[in-house]
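Below: one structure, written as structure tokens.
The values are calculated or read from the model by the stated rules, or taken from the named source; none is laboratory data. All figures in this text were calculated on a predicted structure; none of them were measured in a lab. Positions of Cβ are backbone-derived with ideal geometry, glycine not excepted, and every protein chain shown enters the neighbour counts. Accessible surface is based on the protein model in full, side chains and every heavy atom, while ligands, DNA and RNA are left aside. Shrake-Rupley method; radii C 1.70, N 1.55, O 1.52, S 1.80 Å.
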Amino acid sequence: MDRVDFAIIGAGPAGEAAAFKARELGASVAIVDRRWFGGSCPHIGCLPSKSLLNGAARHHANPAAYDWPAASAARDYMVNRPADAAEPDDTGHVKRLEAAGAMVYRGSGAITGRGHLAIRHDEATHEIEADNVFVAVGSVSKVPPVEGIDRIPYWTNRDATLTRELPRSLLVLGGGPTGCELAQVYARFDVPTVIVQSGPRLAPTDHPRNSEALRAALERDGVTVRTGVRAVRARPSAGTDGAHVIELDDGSTAEGHAVLLAVGRGFPLDELGLEHYGIDTTGRTPFPRDGRLRIGDGLWVIGDSAGPELHTHQAHYQGELAVRMALGESLVPDYRALPRSTYTDPEASSVGHTLDSARDAGIDAFELVADFATSTKGYAVQAKIGHVTIVIDRASRELVGAAMACPDASAAIHECVLAIKAHVPIDILAETIHAFPSTSRILNGLFADARKQLDAGRS
């Protein structure tokens, strides 16, 4: 039996970040994963989808100059998949962990007692004793409770990001970031695409104005957007030219030769042995997904399963922070300035509160909005869609939320991320010089207007 300071189940972004931080701080590490080291993000998630979005934008601008085979090859390069291989190659991730001094195992890991792990690999079982056990198993695509869905060879994000063949048509179930991004990819490659969202708007956890911008962008690109309807039954190959048919709860139907499931994520916690720490995984919520990280004496959960949201950058933050906490630093996770981005065209990003959530939290807040299309930057890029929104706390005179939909939203939002994290007063933000003409210059104008409104309230 080997003894280590940290035993990590799962080598995705959170597990990797924890392993590297632990080794940086001189702690010993054993890490195990049953599939891809590096996790979904670099192989079937963030990176291939962004490569495909770039390819779709280039094809949309000049179809003759950039076709699907070019986009598919660029995606394969991004995920390190040779032309003759079906799966990406994660060797680089393994080598970096080994070079850092971690004990690396490809297999399955389960808790067999407090501070004890059994790692099964290469037809053998290896016992590990650890001061701290980290659960970093990520998440998996949910399969919705739709009658007959098991009779359809449905896609998950894995299939949609790795396919080398365009489907004849695509039906996306779920209108979150994954569904919106991949719907735009395939629509821009001239695949007839429908997206079905059970709620009233796309991107339901994002700012409502971002939801409006995403819908406008998808419809502009030819996507049929159906909101407020839920899939209830699947009929394989029963549609036009053998397309699969999904019956909806309003009596209508939607069709696609490929059906992508993007209705949310589940957390594979059942067979990890958490019961040895008194945690019952048979219920819906074995522990609160509030990002607290420490869920037992020497037991930590990081990454998607930890909550409060689902982001690779959150996973990196949690992996490093949990190691520091376990080694005795007096730290508390802080998610006030957690950015969110959907990388469509235009991008949609947000951080912190909406006006409604701020008021629900007891904050005396107000909101200011600028139309992106009629800003100097918007005119320069001939934008038709977009906004920039800020939410201000009257009492503290600080920014508590922001959202924007514009071509560079994922970059421009980070001024607001830093302002919320560092409690930067609105007076400082208003007096900071912003380059003209830029998206940040729009923020500058909103900050100045917010200061005027706050000062008027004093008199």
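To keep it simple, each residue is scored yes or no on (1) crowded, with 16+ Cβ neighbours inside 10 Å; (2) touching a helix residue (DSSP H, G or I) at 6+ places or on another chain (Cβ under 9 Å); (3) among the basic types (Lys, Arg).
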| site | (1), (2), (3) |
| --- | --- |
| 238 | no, no, no |
| 271 | no, no, no |
| 289 | yes, yes, yes |
| 312 | yes, yes, no |
| 318 | yes, yes, no |
Practice task
State the number of residues belonging to region 108-137 that are in a loop (DSSP other than H, G, I, E, B) and at pLDDT below 95.
Solution key: 2
Exercise for the section: Please indicate, with yes or no, whether at least one residue in region 356-377 is under 20 Å from residue 180 (Cβ atoms), touching an Asp or Glu at 6+ places or on another chain (Cβ under 8 Å) and in a loop (DSSP other than H, G, I, E, B). Expected result: no
Practice task
Return a yes/no flag: does region 396-408 have any residue that is outside any strand (DSSP E or B), among the aliphatic types (A, V, I, L, M) and modelled with pLDDT of 95 or more.
Solution key: no
Practice task
Report yes if some residue within region 386-394 is in a loop (DSSP other than H, G, I, E, B), modelled with pLDDT of 95 or more, more than 26 Å from residue 456 (Cα to Cα) and open to solvent by less than 70 Å² (accessible area, probe 1.4 Å); otherwise report no.
Solution key: yes
Exercise for the section: Inspect all residues belonging to region 195-209 and state whether any of them is touching a residue at least 24 places away in the same chain (Cβ under 8 Å) and touching an Asp or Glu at 6+ places or on another chain (Cβ under 6 Å). Expected result: no
Practice task
Can you tell me which residue within region 115-134, out of those that are of a type in the set (A, V, I, L, M, F, W, C) and more than 31 Å from the chain's Cα centre (by Cα), is surrounded by the fewest Cβ atoms within 10 Å (Cβ to Cβ)?
Solution key: 124
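From the list 302, 295, 246, which one is within 25 Å of residue 151 (Cα to Cα) and not basic (Lys, Arg)?
Values: 302 fails: within 25 Å of residue 151 (Cα to Cα); 295 fails: within 25 Å of residue 151 (Cα to Cα).
Checking each option against the conditions leaves just 246.
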Fill in the blank from the handout: When every residue in region 144-162 that is part of a helix (DSSP H, G or I) and touching a Lys or Arg at 6+ places or on another chain (Cβ under 9 Å) is compared, the one most open to solvent (accessible area, probe 1.4 Å) is 151
Practice task
Looking only at region 191-200, decide whether some residue is closer than 21 Å to residue 311 by Cβ and either open to solvent by less than 10 Å² (accessible area, probe 1.4 Å) or polar (S, T, N, Q) (or both).
Solution key: yes
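Consider region 368-385. How many of its residues are open to solvent by less than 40 Å² (accessible area, probe 1.4 Å) and out of contact with any His (no Cβ under 9 Å at 6 or more places or on another chain)?
Kept after step one, since they are open to solvent by less than 40 Å² (accessible area, probe 1.4 Å), are these residues of region 368-385: 368, 370, 372-373, 375, 378, 383, 385.
Next, from what is left, pick out any that are out of contact with any His (no Cβ under 9 Å at 6 or more places or on another chain): 368, 375, 378, 383, 385.
Number satisfying all stated conditions: 5.
Mind checking which helices (runs of 4 or more DSSP H) fall wholly inside region 35-83 and carry at least 1 residues that are open to solvent by 20 Å² or more (accessible area, probe 1.4 Å), within 20 Å of residue 186 (Cβ to Cβ) and free of Cβ contacts under 8 Å to residues at least 24 places away in the same chain?
Working: elements: 41-44, 46-61, 68-78.
Filter on region 35-83 gives 46-61, 68-78.
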Exercise for the section: Filter region 346-367 for residues that are surrounded by fewer than 19 Cβ atoms within 10 Å (Cβ to Cβ) and in contact (Cβ under 8 Å) with a residue 60 or more places away in the chain and give the result. Expected result: 366
Fill in the blank from the handout: Residue set 266, 228, 256; condition surrounded by fewer than 16 Cβ atoms within 10 Å (Cβ to Cβ), among the small types (Gly, Ala, Ser) and modelled with pLDDT of 95 or more; output residue 228
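Out of region 295-353, which residues are assigned to a strand (DSSP E or B) and within 25 Å of residue 280 (Cβ to Cβ)? Walk me through it before giving the result.
Start the filter on region 295-353 by keeping residues that are assigned to a strand (DSSP E or B), which leaves 295-296, 299-301, 339-342, 347-352.
Result: 295, 296, 299, 300, 301.
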